[in-house]
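Notes follow the structure.
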Amino acid sequence: MTLKVLLGRLVLGVSLMFAASPAMAEGALVAKHPEPQAWSSDGVFGKFDRQQLQRGYQVYKEVCAACHAMHLLSFRNLSQPGGPEFSVAQVKALAASFKYPALDDKGEPIERTGTPADRFPSPFPNDVAARAANNNALPPDLSVMTKARHGGANYVYNLIIGYSDAPAGFSLLPGLNYNEYFEGHQLAMPAPLVSDGQVTWPEGNPPATKQQMAKDVTAFLIWAAEPKMEERKELGVQVMIFLTLLAVLLFFAYKRVWRDVEH
Ligand code: HEC
């Protein structure tokens, strides 16, 4: 790279920095920092709460799945160890409640019932239909959402219950909704959790408040983004124990080997 090109880039960079500063100075449209939450899956020994994951799946199924796909998940994942651990019978029944397009023996299009091997169904036939139903915004796939956004799970949790009325003087574009946790403060997703008790959980679960539903669906999304997390952490702890013991053994072996040598 010649000196001239380098200088040119430097000048461009500096001028862009200054060009961007008036917008930054306004500050009003920068996303609000999400308040950190305590997740049972946090930390070296973190594990998922099975009941919470089951409740979270129900929130996804009954609320979010109207717009969002999770194409990396199959129904069978819901019964695997380290996840919500629904029973195999429950998973079969769940999958069977969905219909999938298929072809019969003569090649005619038919509908078949779902099986545990099927991926979660997408709510829309394609992206064009998804945009058409959502003010031209595409609801993103939620399979790895907690890893895909800055702020991760805390961001998702705060976003889905962080809706409020736009402040006076804020010009909200038609069809968009005000949410301070979103960059730009207006997004196409309407508040998904609008009232307590929107989902009915089986007996023995905490009341379905907005916060609880948001917490549980986010925990479910953390698991979905890393279904083998518990296995990974358990292996990590075992490896650390092994390495510690090995270090002690090596230390004594070293002492013994060099016992008679002046050093
Ligand atoms: C009525 C349809 C609809 C429902 C129901 C819905 N969403 Fe959305 N969601 C959208 C759309 C549309 C977008 C894209 C928004 C945009 O880019 O302006 C979106 C975006 C998102 C995003 C990404 C935001 C970003 O940073 O880009 C997350 C996370 C999300 N939704 C989570 C959820 C969860 C969790 C639920 C269920 C509790 C849910 N959504 C229910 C339509 C919906």
Failed item in (1) of a type outside the set (A, V, I, L, M); (2) touching a His at 6+ places or on another chain (Cβ under 7 Å); (3) modelled with pLDDT under 95, with N179 passing the rest: (3)
Leading residue by the ranking (nearest to the ligand (Cβ to nearest atom)) among those in segment 159-188 that are among the hydrophobic types (A, V, I, L, M, F, W, C) and more than 30 Å from P121 (Cβ to Cβ): L173
Odd one out for F242, checked against (1) aromatic (F, W, Y); (2) within 16 Å of R55 (Cα to Cα); (3) away from the ligand (no atom under 16 Å from the Cβ): (2)
Filtered residues of segment 38-67 (kept if more than 16 Å from the ligand (Cβ to nearest atom) and assigned to a helix (DSSP H, G or I)): R50, Q51
Boolean, V156 is within 9 Å of the ligand (Cβ to nearest atom), among the hydrophobic types (A, V, I, L, M, F, W, C), under 17 Å from V30 (Cα atoms) and touching a helix residue (DSSP H, G or I) at 6+ places or on another chain (Cβ under 6 Å): yes
G197 touching a residue at least 40 places away in the same chain (Cβ under 8 Å), on the phi > 0 side of the Ramachandran plot and not in a helix (DSSP H, G or I): no
Subset tally (residues that are under 19 Å from V144 (Cα atoms) and surrounded by fewer than 24 Cβ atoms within 10 Å (Cβ to Cβ)) for segment 209-220: 2
Enumeration of residues in segment 203-224 that are of a type in the set (S, T, N, Q) and either farther than 20 Å from L193 by Cα or assigned to a helix (DSSP H, G or I) (or both): Q211, Q212, T218
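Go through segment 191-217 and count every residue that is closer than 14 Å to Q54 by Cβ and of a type outside the set (D, E, K, R). Quick ask: steps written out before the conclusion?
Within segment 191-217, the subset closer than 14 Å to Q54 by Cβ is 199-206, 208, 212-213, 215-217.
Okay, now just the ones that are also of a type outside the set (D, E, K, R), so 199-202, 204-206, 208, 212-213, 217.
Adding up the residues that qualify gives 11.
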Scan of segment 155-178 for residues that are over 20 Å from A137 (Cα atoms) and touching a Ser or Thr at 6+ places or on another chain (Cβ under 9 Å), ordered by number: Y157
Residue count for segment 57-85, restricted to those that are without any contact (Cβ under 8 Å) to a residue 40 or more places away in the chain and among the polar types (S, T, N, Q): 1
Single condition P202 does not satisfy, out of (1) closer than 20 Å to C64 by Cβ; (2) within 16 Å of the ligand (Cβ to nearest atom): (2)
Qualifying residue in segment 55-77 (condition: out of contact with any Gly (no Cβ under 9 Å at 6 or more places or on another chain), farther than 26 Å from M229 by Cα and either at pLDDT below 95 or among the hydrophobic types (A, V, I, L, M, F, W, C) (or both)): yes
Yes/no for P227 being exposed (fewer than 13 other Cβ atoms within 10 Å of the Cβ) and part of a loop (DSSP other than H, G, I, E, B): no
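The values are calculated or read from the model by the stated rules, or taken from the named source; none is laboratory data. Just so it is clear, the model here is predicted, and its values are computed rather than measured. All Cβ positions, glycine included, derive from the backbone under ideal geometry; neighbour counts span all protein chains shown.
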